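Working notes for the structure below.
The values are calculated or read from the model by the stated rules, or taken from the named source; none is laboratory data. Keep in mind that this is a model prediction, so the values were computed, not measured. Virtual Cβ from ideal backbone geometry, glycine too; neighbours counted across all protein chains shown. Surface areas here come from the heavy atoms of the whole protein model, side chains and all, with no ligands, DNA or RNA. Shrake-Rupley method; radii C 1.70, N 1.55, O 1.52, S 1.80 Å.
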Amino acid sequence: MALCAASISHNNTPRILSSSSNTFSQLNNQKKISASHHFSLLSLTPRSSLSRSSFVSQWRRREPYYLHGHVSCSVKAVLLDESKEKLHLPKGDTWSVHKFGGTCVGSWERIKNVAQIIVQDSSEGKLVVVSAMSKVTDMMYDLIDKAQSRDGSYVSAVDAVFEKHKLTAMDLLDGDDLASFLSRLHHDINNLKAMLRAIYIAGHATESFSDFVVGHGELWSAQMLSYVVRKNGLDCEWMDTREVLIVNPSGSNQVDPDFAESEKRLEEWFSRHPSKTIVATGFIASTQQNIPTTLKRDGSDFSAAIMGALVRARQVTIWTDVDGVYSADPRKVSEAVILRTLSYQEAWEMSYFGANVLHPRTIMPVMRYDIPILIRNVFNLSAPGTMICRPAENEDGQKLESLVKGFATIDNVALVNVEGTGMAGVPGTASAIFGAVKDVGANVIVISQASSEHSVCFAVPEKEVAAVAEALKSRFHEALNAGRLSQVAVIPNCSILAAVGQKMASTHGVSATLFNALAKANINVRAIAQGCSEYNITVVIKRGDCIRALRAVHSRFYLSKTTIAMGIIGPGLIGATLLDQLRDQAAVLKEDFNIDLRVMGITGSRTMLLNDVGIDLSRWRELVKDKGEVADLEKFRQHVHGNHFLPNTVLVDCTADSNVASCYHDWLRRGIHVITPNKKANSGPLDQYLKLRALQRQSYTHYFYEATVGAGLPIISTLRGLLETGDKILRIEGIFSGTLSYIFNNFKGTRAFSNVVAEAKQAGYTEPDPRDDLSGTDVARKVLYTSLNVSIFLVHALLLSNNYIYWILFFRFHIYG
């Protein structure tokens, strides 16, 4: 019918009238008048008038007006036919779509809370997509598993499902609403028992049977929520989306929405159930043949996005139990931050790589119509959440920290490497490889191939790798025997780390920064992949390195503090002073320099103290005394370095122990940074020193020994800097022994020499063994340290002997360029 009305004037001449209306609230009057319209038409008399309230004009709906004049029987028939006209579904910004997950409706209290959120939404039209109550979908799948395995306990399991929903309804509803829901629940449960009995007898359930069974949780939660919303005074209808949402199976356990057919069916549904608030079931749908199906696991997000696209909603809000999308998994990176905005592409990439907030296919339907998605926490309404939308075109002032929006990981994957010289330049090799993978139904997550075409490697879920390897060996049996392919190798125990950011595209240095951060955390990259869009850089790493790698790159891109795990060896005078300094400066380092130093262990020669999160330095002496254990340097190293949550490890050797110094090479090789005032490592054999320096450069670790000379003053680095900038150092003067300087100034013959030495040791001037000072060994080490770092020194020393000691009075160095 046309969107106009034929009216009868006094002279029986038809004329066309347009209707106008601009409020959604008239829908209630529309429904009342439609119900009694037949009676009203029959009672019309000449010059009587009846005006039927119309739908909202901005939704392009025009309704007939019945004006003055005598109405003949033929006209009555026309008007009766017009009264059956279908109401058109309004579309556009007047609609807002909400999706509530299982945890949001997990109890009767939470369902009431959800209803309040819906009531408080000021949108004219509200379409609410709801999941089954928390754990119910798992319970439904468990019913099928038990029935298929002929486990008779499925009957009691069905009763448990019934009781859960019955008790929830009794807490929420009363009167006719409660009776109506319980009647429907009894009917559904009886049907389920009959179907499960059939599955029990057959020992098998088809996919359509399973989909029909598991979809009941959404039906029940949608009905209960609709009753509660209606109880709060809103006009509300509930929708079984199996009547509306039509999908086509696309293989690989996926379905594709049929938008044209779904839109048509939604129009038909709305004409029968016009309402300002609709509570729809998530997760479930139907095929073109009206066979019940699902959108597969976690498909309610997808349902909400599809419904948002069908009504051209202003916004789709995904309500969940987290404050938004994090820059990384907060269970792995405690400093992860909430992202205020994401582009559609960034959200797409992060959801694919394991960001546990959105179904990976949620983005596509809304992206088509530029409908934003807002992720919010149903338990924290004060949190603004994360907005997913198209980025503004004129965004300026890009900062380094905004280049990478977030990081995501996928664990439990394996790499498959197919290599051989016979692959190069042979068309169809890749097709044959991935055809074999497809035949076993495996999902390829990452693909990487060198330009030489000598090898192709790809990542698959670890549970599927055995079947993939077997299929490839079977497919390339002849090529392997003939030597055209050298191997089909499997590398297990891998994880995937992805860096995602739309601003990464065409920005220099992002990859370099990422790989530099991984190298400094001593992480080996096994495979790399990046698409030409540059929105994503993906690396495959060892599973055991995953958390450490994630924290390292997260810190490097300034999304969190640089966290350092520190171990202190030798809590004597120097070590104790350092610990006290760290205690006093920790807050300043964290606030002003974004560095979070955590002392994970303290060890002496006999006792050590270990802690998993960081020792309380305000009482470290007390803790060492009360909770210390027998010292074990290897166990100490494993504890400090083995914490996967802290990517950077530093061991500070405050001893003068040559046994500790001998461990430096192994520590550097493992990616542990070493800081030391211990002179033993650099004053021993020259080849040992050169190996340490070479290893330090190769392993991206730091080896700092500035404190070995000058009581920590930057003497060595200053001398090195002078030489590197082309200066010639002609002469260095100084007293290289604080101990001897003290002794010379205080030994005047009035006291025993041993007392002066003891006093110097108590004051902290001497080495742990004062004989190193008195024999000149400590000075010789300092000279050697300095000479190793600047040039060849000619040392002129005046040594005086007095029975037991060498007294070093003065050193003068002449350095020739």
Of Ile729, Ile595, which has the most accessible area with a 1.4 Å probe, and how do the rest follow in descending order?
Ile595, Ile729
Between rounded, prolate and oblate, where does the stretch 409-511 land on the alpha carbon gyration tensor, with a ≥ b ≥ c its root eigenvalues, rounded for a/c under 1.5, else prolate if a/b exceeds b/c?
oblate
Derived scalar couplings ³J(HN,Hα) [the stretch 756-765; Karplus, 6.51 cos²θ - 1.76 cosθ + 1.60; whole Hz; x for Gly, Pro]:
5, 5, 5, 5, 5, 5, 5, 7, x, 7
Which pairs, out of Lys135/Lys296; Lys112/Lys146; Lys405/Lys463, put more than 26 Å between their alpha-carbon atoms?
Lys112/Lys146; Lys405/Lys463
Enumerate the residues in the stretch 578-614 having an amide nitrogen under 15 Å from the point lying 7 Å beyond the Cα of Arg771 toward its Cβ.
none
Straight-line reach only, C-alpha to C-alpha below 20 angstrom: list the lysines that Lys91 could link to, leaving out same-chain residues fewer than 8 apart.
Lys31, Lys99, Lys126, Lys264, Lys276
What is the distance, in nm, between label points placed 7 Å from the Cα along the Cα-to-Cβ direction at Asn524 and at Asp626?
4.4
Debye intensity ratio in log₁₀ form over the Cα atoms of the stretch 290-359, taken at each q of 0.19, 0.23, 0.25 Å⁻¹
-0.89, -1.18, -1.31
Using 0.36 nm per residue, how much length does the chain from Tyr689 to Arg731 gain when fully extended, once their Cα-Cα distance is taken away?
12.6 nm
What is the stretch 158-281 by shape, rounded, prolate or oblate, if you read a ≥ b ≥ c off the alpha carbon gyration tensor as root eigenvalues and call it rounded for a/c under 1.5, prolate for a/b larger than b/c, and oblate otherwise?
oblate
For the pair His477 and Lys264, what calculated FRET efficiency results from E = 1/(1 + (r/R0)^6), where r is the Cβ-Cβ distance and R0 = 41 Å, to the nearest 0.05?
0.20
May I ask for the net charge around Gln223, where only other residues with Cβ less than 12 Å from the Cβ of Gln223 are counted and Lys, Arg are +1 while Asp, Glu are -1?
-3
Sort Glu733, Glu419, Glu724, Glu470 from largest to smallest accessible area, using a 1.4 Å probe on the heavy atoms of the protein chains.
Glu724, Glu470, Glu733, Glu419
Potential extension, Thr718-Ser271 segment - 0.36 nm per residue separation minus Cα distance
152.6 nm
Along the Cα→Cβ direction, 7 angstrom out, place labels at Asn232 and Gln762. What is the inter-label distance in nm?
7.7
Between Gln449 and Ala505, what FRET efficiency comes out of the Förster formula 1/(1 + (r/R0)^6) with R0 = 25 Å and r the beta carbon distance, rounded to 0.05?
0.70
Jot down the radius of gyration and Dmax of the stretch 240-332, Cα atoms only, both in angstrom.
15.0, 50
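Ser183 to Arg368: extension gain in nm, 0.36 nm per residue of separation minus the Cα-Cα distance? Show your work: numbers first, answer last.
Numbers: separation 185, 0.36 × 185 = 66.60 nm, distance 4.14 nm.
Separation in residues times 0.36 nm, less the Cα-Cα distance, equals 62.5 nm.
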Please enumerate, by chain and number, the aspartates and glutamates with C-alpha under 12 Å from the C-alpha of Lys691, excluding those fewer than 8 residues away in the same chain.
Asp666
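Using a 1.4 angstrom probe with every protein chain in place, what is the largest-first accessible-area order of Val525, Val228?
Final ranking, largest accessible area leading: Val525, Val228.
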Accessible-area value, Arg475, 1.4 Å probe, nucleic acids and ligands omitted, Å²
130
Convert each backbone phi in the stretch 646-656 into a coupling constant with the Karplus relation 6.51 cos²θ - 1.76 cosθ + 1.60 (shift: θ = phi - 60°), then list the ³J(HN,Hα) values in order as whole Hz, x for Gly and Pro.
10, x, 10, 10, 10, 10, 10, 8, 9, 9, 10
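Just check the stretch 448-563 against the gyration tensor rule for me: Cα atoms, a ≥ b ≥ c as the square roots of the eigenvalues, rounded for a/c under 1.5, and otherwise prolate or oblate depending on whether a/b exceeds b/c.
Because a/c hits 1.5 or more and a/b exceeds b/c, the stretch 448-563 counts as prolate.
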Under the Karplus curve 6.51 cos²θ - 1.76 cosθ + 1.60, θ = phi - 60°, whole-Hz ³J(HN,Hα) for the stretch 136-144, x wherever Gly or Pro sits
5, 4, 4, 5, 5, 5, 5, 4, 5
May I ask for the Kirkwood hydrodynamic radius of the stretch 496-651, worked out over all distinct Cα pairs and given in angstroms to one decimal?
17.2
Quote the FRET efficiency, to the nearest 0.05, computed for Asn191 versus Arg697 with a Förster distance R0 of 51 Å and r equal to the Cβ-Cβ distance.
0.10
